[in-house]
Amino acid sequence: MSRIPDEEKRFDAVYKLVTLGEAAVGKTSLVNKYVTGKFDRDYHRTLGIDISTYDAKIDPQLFKLLIWDLAGQDIFRDLRTRYCQGASGGILVFDLSRPQTLETIPRWVDAFREAVGPEPLLILLGNKADLEKNRKITRAQGEKIAKDLNLFQYQETSAKTGHQVTAAFNTLATMIYKSHQSRKIH
Ligand code: G3D
Ligand code: MG
């Protein structure tokens, strides 16, 4: 009988999450802020796939999150499928000051669901909420898209100030856990 290392036993679940959305909406900054608590102004644009691991203690659960972060280029097809495979959830991001980054959200949702099916949960984040004077999308518009696409939540975030960043990632992890629990019961 093989032994499970103590370290692995501590986790209630291990989830792969992927970031999705157009270039420069703040995907890498959001992950960075969540995982390190910092906002790095000089952060270099991601060239490939970064995988950050984060132990999220969301009382009473402890989750290990593997957050995959792809460069924002339109490199769909093969990579998209492999990138999304095995994901328990996705973080869709658009920029509140650039409407075209919201317009392509349905494509990202389709791509994700084609790769992993309908079950993994998706959260939609309208990012750069700190740039209030540049805002072009209202909260109601974001909420409507989330509802129309059957996403479980819409939140407005700022990777710069940290506004709603921890809440968004933690909510996603908790909702994934709850949905898996309810599937076990039914
Ligand atoms: P991406 O991973 O989606 O491509 P990045 O996006 O995280 O690389 O961010 C793109 C640019 O937006 C970066 O600026 C970053 O600092 C900025 N940014 C990200 N999130 C926020 C936010 O919440 N508020 C503000 N004001 N800026 C944000 P640079 O200048 O480095 O390209
Ligand atoms: Mg990036």
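Restricting attention to segment 76-116, the residues being without any contact (Cβ under 8 Å) to a residue 60 or more places away in the chain, assigned to a helix (DSSP H, G or I) and either touching a Phe, Trp or Tyr at 6+ places or on another chain (Cβ under 9 Å) or of a type in the set (S, T, N, Q) (or both) number 6.
The lone criterion from (1) within 15 Å of the chain's Cα centre (by Cα); (2) open to solvent by 40 Å² or more (accessible area, probe 1.4 Å) left unmet by F112 is number (2). Restricted to segment 117-132, and to residues there that are in a loop (DSSP other than H, G, I, E, B) and hydrophobic (A, V, I, L, M, F, W, C), the residue that is farthest from ligand 1 (Cβ to nearest atom) is A129.
Within segment 108-155, if we keep just the residues that are out of contact with any strand residue (DSSP E or B) (no Cβ under 7 Å at 6 or more places or on another chain), of a type in the set (G, A, S) and over 11 Å from L92 (Cβ atoms), the residue that is modelled with the lowest pLDDT turns out to be A115. I'd like the residue in segment 5-32 that is charged (D, E, K, R) and within 13 Å of ligand 2 (Cβ to nearest atom) and, out of all such residues, is modelled with the highest pLDDT. Taking the candidates together, the pick is K27. Restricting to segment 33-51, what's the tally of residues that are modelled with pLDDT of 70 or more and open to solvent by 30 Å² or more (accessible area, probe 1.4 Å)? The total comes to 8. So which residues in segment 133-182 are part of a loop (DSSP other than H, G, I, E, B), open to solvent by less than 50 Å² (accessible area, probe 1.4 Å) and closer than 21 Å to E119 by Cα? Once the filter is applied, which keeps residues that are part of a loop (DSSP other than H, G, I, E, B), open to solvent by less than 50 Å² (accessible area, probe 1.4 Å) and closer than 21 Å to E119 by Cα, segment 133-182 yields L149, L151.
One residue is enough: does segment 86-107 have a residue meeting the conditions at pLDDT below 95, of a type outside the set (G, A, S) and surrounded by 21 or more Cβ atoms within 10 Å (Cβ to Cβ)? Taking every residue of segment 86-107 in turn, none turns out to be at pLDDT below 95, of a type outside the set (G, A, S) and surrounded by 21 or more Cβ atoms within 10 Å (Cβ to Cβ).
Of the residues making up segment 166-185, just one is free of Cβ contacts under 8 Å to residues at least 24 places away in the same chain and within 13 Å of F152 (Cα to Cα), namely K178.
Each row is one residue, and each column tells you yes or no for (1) more than 21 Å from K64 (Cβ to Cβ); (2) not aromatic (F, W, Y).
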residue	(1), (2)
L102	yes, yes
L124	yes, yes
L131	yes, yes
E143	yes, yes
D148	yes, yes
Y154	yes, no
T174	no, yes
S179	no, yes
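The values are calculated or read from the model by the stated rules, or taken from the named source; none is laboratory data. Here the structure is a predicted model, which is why all the values come from computation and not from measurement. For neighbour counting, all protein chains shown are included, and Cβ atoms are generated from backbone atoms with ideal geometry for every residue, glycine included. We work out accessible area using only protein heavy atoms, side chains counted, and drop any ligands, DNA or RNA first. Shrake-Rupley method; radii C 1.70, N 1.55, O 1.52, S 1.80 Å.
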